[in-house]
Each structure stands twice: as structure tokens, then as C-alpha cells.
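Below: one structure, written as C-alpha cells.
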Amino acid sequence: MTKFLTALGVLLALHMASSNKLVCHMTNWAQYRPGHAKFTSDNIDPFLCTHVIYTLATINGLNQISTIEWNDQQQYARLNNLKKFNPALKTLLSVGGTVNGMSPFIAMVARPESRAAFIKSAIGFLRTHNFDGLNLAWEYPAHNGSPEQDRERFTLLVKELVAAFEKDAKDTRKTQLLLSANVASIRDTIDRAYEVKLIAPHFDFINLMTYDYHGHWEAATGHNSPLYSSSMDMGNHVHHNINSTVSHWLALGAPAEKLLLGFPSFGRTYRLTTGSAGLGAPTNGPADAGPYTRTPGFWAFYEVCNFLTSAHTEWIEEQKVPYATSGSSWVGYDDKSSFSSKVQWMTGMNLGGAHVWTLDMDDFSGSFCRAGSYPLINHLRMSMGFSPKPTTTAAPTTTRDPIADFCRGRPDGLYTNPADKGTYFQCYLGNTYLHRCQPGLIYYDSCKCCNWP
């Protein structure tokens, strides 16, 4: 009876979940990566995500929002033209970064007049370039040269932005601009940077940066984005995980439906220094930079794919994430199995959805992992229960083919195909959709993913 009630509770939680946003970031520096890794707005699938955030714009010395790259405005136009194919797609422009090593927010929030100038320029800029909203990417108020008062000034900025967005919508009779933010995941940073109860109600959604918990700046291996703590964690590190971050934001008064869980399409690397290769193994800096991202300390998922062909992989059961080693190189990364575990947890917590950092670090072209384009994000999308994209066709219906009737009466979701382990069904609104694993893999219902036999 107890097991039945527990299962019923899980089903009710899934039914009540509000995880209906899939927000995907793109970066304007990914266009400079070589070969098949070059990414622009033209590489975006307009039906993959519910929202796309273009990263990054800045704030100039006159407190005006402004471009960074030479072709940003061209890329804005190409991104927003995708709404002709998918009118439901929403786009936001992210503002942040640094100017001479300092966040441009620091000078802008200091005075009411400078905040007003920024807000006015932002509204005009967003409307001119056909964006649906603004994303604030300040890392972080009251940190990195930002004075303690910026915690309260950030609150004022958020409130003033929303008030101005409301007035603009009334004056122009247009849909009100959206407001979101990328926010910290470490408890001490959260407490010092944000008045959570005061700001959370004003955002349309809040992007929790639930990654970069560990990296090569530490002297021992740790996973980039673990779901839970590990037995190796000591001191404050027991809070360096998704479960702790989300619990803290909720305890501080953030509504669950406003919080989006961060899903990284990259891994963090280390250079091992001894024969030990497990979690907590001694390290000295990062592994070699990836050939495409060319930045020490992390690899895009498509670079991880190449590494895995000759690496030894392990699953960290207590944290629900994988890592891989080859020689002295160690990478903690995410795959379809870890994404599935996080989606299940996210849905149970009734969070508002997911955000992905970034589109351009998944295998967007399908050139590296041999699993089709956007293998991670497409899996995330299906795991969250979104409807099949327009390019997906329903299973054929014939009088002798029982496949078409498989989903009749079943809840939406992914299911095993008993007749063929290399395929699986997606049920949506009673319709049956047949999907194929990549060659050599079979479908496992335990992780709702394809994996090696």
C-alpha cells in the first residue's frame, strides 16, 4: 500500500508540474569557432526551444544598451526571422559581460538617472530589433568590484524595468516585453547578491546557473553539474549541487514556477596527477583545450563525443552524472541519461522548466556525435514531454500494424518498443511517434534514453 501511495504521489507531481519552458542560450562568439563548430543564428532549429536568448550585448558609457560584435544586428534579424516559421518562438537579448574587467551594470545602477537612461534605451533597442524581452546577465551584484549596495540597486533596476515594460505595453498596445536573469547557484553568492523575495515576483523566469560547481580551479576532480552531493564533498562543497541550489532559492521565497533548471551542453576538464582517476582524484589544472572551443577547462559536448571514443567512462550513481578518463585527461560531463535524471527531478519539484547553456555547444550540426543534430537538447525536449516537432511524422497506420494504436489511452511520454529495442515510441495526445536510436544503441526505459547494450 505504501509503495502504491508513493507511486501515486509521483504521478500526481508529474501531472501538476509546470515545466513548460525550454530556454536555450546562443553566443555571438561561437561564430569564430573553426569548421563544423562555427555557429550563427542560421544554425538554430526554430522548433527546438520555446525561447532563445541571444548572448551578448553590453552597456556603453552613456548607459545605453549596445552591440558587441560587428554583425550582431545582422544576427538579430536572422534569429528573429525564425518566428516566421514558428510564431510561438520567443527571443530575448542578454546584456552583461565586462568592460575593462568590470561589469557595466555597476556604473549603470548607481544612480536613478543612469538606470532610467538604460531602461529607455533597452526598450527602444528591443522593439527596433524585434526581440520579445531582456535577459540580465550580471555576475554578480555585490561581487567582483560591485559594492554591497548593488544588492538593493539590482532590486530597484528589476522593479523599474518591469514598470517601464508595463507602461510601454500600454502605450504601444504591444505584448509586454519579457524579463529574465541568469543567477548564481552557490549559496554564499546568492545570499550576498540578491533580495530574492523582492525580485523573484517581477521576473517572467529565472535561469539558475546550475553548472560550474566544480572545475580545474580546484585541486581534485569534481563534476560540473551534479544533481546531488557526493560522499567526497566536505565543508561548503556539500552545497555545490543542483538539489542544494534549488532548495535554497525556494527557501528564500522564489516561486518554483519561476525557476528554470540549468542544463549544460559542456563538460569541465582536469589534468590528473596520480594513478587515481575517480571522483576526488588529485589534479593540477585543466586538460588540453578542445580543438574547437579552444578554451582551457571545458569541452563542448561535441568535443566530449570525440574524447569518448577512446576514453573509459563511469557513472557517479550518487550524483546521477557521468565522467570519462583517458591518460591524464578527466572530464565530468552530461549525457542523455543525466539529462533524463535531472528532468525527472525537475518535474517532481514543479519547476518552471529548463534552460540550456548553450545551443552552440551541443552537436548542433550532427557532425561529431553521429546522433543527429542537437542530440542533447532534442532528448531534453522529448524528456520534458513537448509535442513532436513538425518534422516528426506519426507511425504509419494500417489495419495490420498495431504500432499506430500503441499510444491510445496511454499518458504522454516515452515507451519501449517490445518488437525492436533499437527504436522507441513517443506518445503525445494519443498519437504514436516512432524514433530510432543511433546505430549500435538500444533504448532503455530506466533512463528514457538510448545507450550501448
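Can Ala163 be described as closer than 22 Å to Tyr194 by Cβ, out of contact with any Pro (no Cβ under 7 Å at 6 or more places or on another chain), in contact (Cβ under 8 Å) with a residue 60 or more places away in the chain and of a type in the set (Gly, Ala, Ser)? I'd like the intermediate steps shown before the answer.
Numbers: closer than 22 Å to Tyr194 by Cβ: yes; out of contact with any Pro (no Cβ under 7 Å at 6 or more places or on another chain): yes; in contact (Cβ under 8 Å) with a residue 60 or more places away in the chain: no; of a type in the set (Gly, Ala, Ser): yes.
Against the criterion (closer than 22 Å to Tyr194 by Cβ, out of contact with any Pro (no Cβ under 7 Å at 6 or more places or on another chain), in contact (Cβ under 8 Å) with a residue 60 or more places away in the chain and of a type in the set (Gly, Ala, Ser)), Ala163 does not qualify.
Considering Val246, Val331, Val238, which residue is surrounded by fewer than 19 Cβ atoms within 10 Å (Cβ to Cβ), at negative phi and either assigned by TED's automatic domain parsing to the domain that holds Ile206 or part of a strand (DSSP E or B) (or both)? Don't jump to the end; show me each part of the working.
On the way: Val246 fails: surrounded by fewer than 19 Cβ atoms within 10 Å (Cβ to Cβ); Val331 fails: surrounded by fewer than 19 Cβ atoms within 10 Å (Cβ to Cβ).
Checking each option against the conditions leaves just Val238.
Output yes when any residue across segment 210-226 is in contact with a Phe, Trp or Tyr (Cβ under 9 Å, 6 or more places away or on another chain), in a helix (DSSP H, G or I) and under 25 Å from Val95 (Cβ atoms), and no when none is.
No, the conditions are met nowhere in segment 210-226.
Considering only segment 101-144, state which residues are assigned to a helix (DSSP H, G or I), touching an Asp or Glu at 6+ places or on another chain (Cβ under 9 Å) and not β-branched (Val, Ile, Thr).
Answer for segment 101-144, where residues must be assigned to a helix (DSSP H, G or I), touching an Asp or Glu at 6+ places or on another chain (Cβ under 9 Å) and not β-branched (Val, Ile, Thr): Phe105, Pro112, Arg115, Ala116, Leu126, Arg127.
For Ala57, indicate whether it is in contact with a strand residue (DSSP E or B) (Cβ under 8 Å, 6 or more places away or on another chain) and farther than 30 Å from His143 by Cβ.
Working: in contact with a strand residue (DSSP E or B) (Cβ under 8 Å, 6 or more places away or on another chain): yes; farther than 30 Å from His143 by Cβ: no.
No; evaluated as a whole, the condition is false for this residue.
How about segment 410-446: which of its residues are closer than 15 Å to Ala371 by Cβ and not in a strand (DSSP E or B)?
Gly422, Cys437, Gln438, Pro439, Gly440, Leu441
Please enumerate the residues belonging to segment 411-445 that are at pLDDT 80 or above and among the polar types (S, T, N, Q).
Listed by number, the residues that qualify are Thr416, Asn417, Thr423, Gln426, Asn431, Thr432.
Taking into account only those residues within segment 335-379 that are outside any helix (DSSP H, G or I) and of a type in the set (Val, Ile, Thr), which is farthest from Phe307 (Cα to Cα)?
The first filter runs over segment 335-379 and keeps only residues outside any helix (DSSP H, G or I), leaving 335, 349-358, 362-374.
Next, from what is left, pick out any that are of a type in the set (Val, Ile, Thr): 356, 358.
Details: Val356: 22, Thr358: 19 Å.
If we take residues in segment 335-379 being outside any helix (DSSP H, G or I) and of a type in the set (Val, Ile, Thr), then Val356 is farthest from Phe307 (Cα to Cα).
For (1) over 22 Å from Pro87 (Cβ atoms); (2) at pLDDT 95 or above; (3) among the small types (Gly, Ala, Ser), each residue gets a yes or a no:
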{"position": "Gly353", "(1), (2), (3)": "no, yes, yes"}
{"position": "Leu359", "(1), (2), (3)": "no, yes, no"}
{"position": "Thr393", "(1), (2), (3)": "no, no, no"}
{"position": "Cys407", "(1), (2), (3)": "yes, no, no"}
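The values are calculated or read from the model by the stated rules, or taken from the named source; none is laboratory data. Computed from a predicted structure; not experimentally measured. Glycine gets a Cβ as well: all are built from the backbone with ideal geometry, and neighbour counts include every protein chain shown.
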